[in-house]
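Colleague: Below: one structure in structure tokens.
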Ligand SMILES: Cc1cc2nc3c(=O)[nH]c(=O)nc-3n(C[C@H](O)[C@H](O)[C@H](O)COP(=O)(O)OP(=O)(O)OC[C@H]3O[C@@H](n4cnc5c(N)ncnc54)[C@H](O)[C@@H]3O)c2cc1C
């Protein structure tokens, strides 16, 4: 039985409900000025700006508009970021930190000025500390923000039931409905003559005589707006993939905070309110961990326990998770794709700030292609020299990759026969000495795949909540039939062939 896939996972986010899917599928044998791969916030922003500047642009999307992380985001629009301005200053100097703050602000403004009917609402944001260690961090965040000119103040009033010691107020932050926004960009792009090809996965790019050919499409420039560029590349070593979790719950009290509220725990929690189909919902999220490393069921369980501890929850309406990438030195990589032919661009490593950074990346990449100057080009250059401080982080993330490559392959993890596999669950098991990624459908049928990730040959792990096979090395993800859900892989897991239906009662 085939599972319904809502986005890059089997769990539905509220952004998908009631959204039309307009698809313009008019391929021609022409040479395009730009091929944009991926239709999330980065791809659509870049494509629209380029098309409106007179370029002929085609977007190729593996599934459909908003399938990736933009369809699983929590859609906060901030003037601050996960990499604090203090951290940015220590790695890139005071000017670098100021420029980073300007880029975040520019991304915010791009959304604010272009959005229409996207549930855009300006809200105050609060960040609070619950112990002395967090207070110290909060003070550093305050100082860093003041230094780069970002508005922030201390406050003793936070609309949260959680007891706190100290708190910051960031005025005029915002939230919106990310898929309504993408649909708006899509409509404007198509109205300007742009073409979107959905269900079109690009596996590789061939470059010859100044032209690039990808999936049969010929273009002068190509943008990897795939969140993580496909296949083996430098970013597999410079960005670490993380899963992050969100619940949307109804409250018995009917009282929903009109604010964006974050704690300072590690991993952290946040809450905000959103109206979906005339119904107020409290979004609670966080509990991030590296993809394929921890138990998603446990993360959802802990998130629900957390929200029930502080709020009177009447029901959980939605739960979903999605993926983001943490850059080794704290800043995103936006610009010319390193070690590639001229005319290939990429944008990745946004941390949890891709609404602003994806928007500003669209502007940076369109400027580069239009041969206009852009003040962020050097700071975010994917070929930038790595600050020394980031080396430790680099070693930490990649030591972990090496561990999984070896340990998972040689069976340090428990492997088992197919027998204990209950319907609806999956596991890497051993059958006749061969490792198999096996999923038993609700009808008892086994879907058997090779567990070797097609990206860099690590062994995938089962994600029971999203019904996917997740690679612990670089974050590629596959559905129960082995189809790629999330890059950097572009090839499906190998099917082992039908294994006889096994009787559960045997
Ligand atoms: C749970 C969660 C909450 C978040 N909350 C926030 C927030 O509140 N604020 C914020 O600013 N950021 C947030 N982020 C981060 C933000 O959502 C992302 O950084 C952003 O959505 C990335 O957008 P994108 O367009 O670059 O990538 P995506 O939206 O992932 O789009 C990439 C597209 O490329 C397609 N694709 C991939 N490979 C190929 C291929 N080979 N061929 C064709 N198509 C391909 C995919 O199908 C996908 O549709 C959050 C992230 C997570 C995980």
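The values are calculated or read from the model by the stated rules, or taken from the named source; none is laboratory data. Quick caveat: nothing in here was measured; it's all calculated off a predicted structure. Quick reminder, even Gly has a Cβ in these numbers, built from the backbone with ideal geometry, and neighbours come from all protein chains shown.
Colleague: Take the residues of the stretch 341-354 that are buried (at least 24 other Cβ atoms within 10 Å of the Cβ) and closer than 16 Å to residue 47 by Cα: which is farthest from the ligand (Cβ to nearest atom)?
Modeller: 345
Per-residue answers, yes or no, for (1) touching a strand residue (DSSP E or B) at 6+ places or on another chain (Cβ under 7 Å); (2) modelled with pLDDT of 75 or more; (3) surrounded by fewer than 20 Cβ atoms within 10 Å (Cβ to Cβ); (4) not in a loop (DSSP other than H, G, I, E, B):
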position: 399; (1), (2), (3), (4): no, no, yes, yes
position: 405; (1), (2), (3), (4): no, no, yes, yes
position: 412; (1), (2), (3), (4): no, no, yes, no
position: 447; (1), (2), (3), (4): yes, yes, no, yes
position: 456; (1), (2), (3), (4): no, yes, yes, no
position: 472; (1), (2), (3), (4): yes, yes, no, no
position: 493; (1), (2), (3), (4): yes, yes, no, no
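Colleague: Going by the structure shown, is residue 245 within 14 Å of the ligand (Cβ to nearest atom), touching a strand residue (DSSP E or B) at 6+ places or on another chain (Cβ under 7 Å) and outside any strand (DSSP E or B)?
Modeller: Details: within 14 Å of the ligand (Cβ to nearest atom): yes; touching a strand residue (DSSP E or B) at 6+ places or on another chain (Cβ under 7 Å): yes; outside any strand (DSSP E or B): no.
No; evaluated as a whole, the condition is false for this residue.
Colleague: Could you list, in sequence order, all residues of the stretch 214-237 that are within 14 Å of residue 33 (Cα to Cα) and away from the ligand (no atom under 14 Å from the Cβ)?
Modeller: Listed by number, the residues that qualify are 218, 220, 221.
Colleague: May I ask you to verify whether residue 179 is assigned by TED's automatic domain parsing to the domain that holds residue 290, touching a helix residue (DSSP H, G or I) at 6+ places or on another chain (Cβ under 6 Å) and in contact (Cβ under 8 Å) with a residue 12 or more places away in the chain?
Modeller: no
Colleague: Do we find that residue 356 is touching a helix residue (DSSP H, G or I) at 6+ places or on another chain (Cβ under 7 Å) and outside any strand (DSSP E or B) in this structure?
Modeller: Against the criterion (touching a helix residue (DSSP H, G or I) at 6+ places or on another chain (Cβ under 7 Å) and outside any strand (DSSP E or B)), residue 356 qualifies.
Colleague: Can you tell me which residue within the stretch 60-80, out of those that are under 15 Å from the mean Cα position of the chain (by Cα), more than 6 Å from the ligand (Cβ to nearest atom) and in a loop (DSSP other than H, G, I, E, B), is surrounded by the fewest Cβ atoms within 10 Å (Cβ to Cβ)?
Modeller: By that ranking, first place goes to 65.
Colleague: Just name the residue that is surrounded by the most Cβ atoms within 10 Å (Cβ to Cβ) out of those in the stretch 175-204 that are more than 10 Å from the ligand (Cβ to nearest atom) and either part of a strand (DSSP E or B) or at positive phi (or both).
Modeller: 196
Colleague: With the checklist (1) modelled with pLDDT of 95 or more; (2) closer than 19 Å to residue 491 by Cβ; (3) over 23 Å from the mean Cα position of the chain (by Cα) in hand, flag the one item residue 220 doesn't pass.
Modeller: (2)
Colleague: Would you confirm, using the coordinates I've provided, whether residue 92 is over 27 Å from residue 246 (Cα atoms) and either away from the ligand (no atom under 16 Å from the Cβ) or crowded, with 21+ Cβ neighbours inside 10 Å (or both)? Steps first, answer last, please.
Modeller: On the way: over 27 Å from residue 246 (Cα atoms): yes; either away from the ligand (no atom under 16 Å from the Cβ) or crowded, with 21+ Cβ neighbours inside 10 Å (or both): yes.
Yes; evaluated as a whole, the condition is true for this residue.
Colleague: Within the stretch 233-273, take every residue that is within 15 Å of residue 73 (Cβ to Cβ) and surrounded by fewer than 21 Cβ atoms within 10 Å (Cβ to Cβ) and give me the one that is nearest to the chain's Cα centre (by Cα).
Modeller: Ranking the qualifying residues of the stretch 233-273, first place goes to 242.
Colleague: Follow-up question, since we're still on this one. Taking the conditions exactly as written (out of contact with any helix residue (DSSP H, G or I) (no Cβ under 8 Å at 6 or more places or on another chain) and either touching a residue at least 24 places away in the same chain (Cβ under 8 Å) or away from the ligand (no atom under 11 Å from the Cβ) (or both)), does residue 102 satisfy them or not?
Modeller: Yes.
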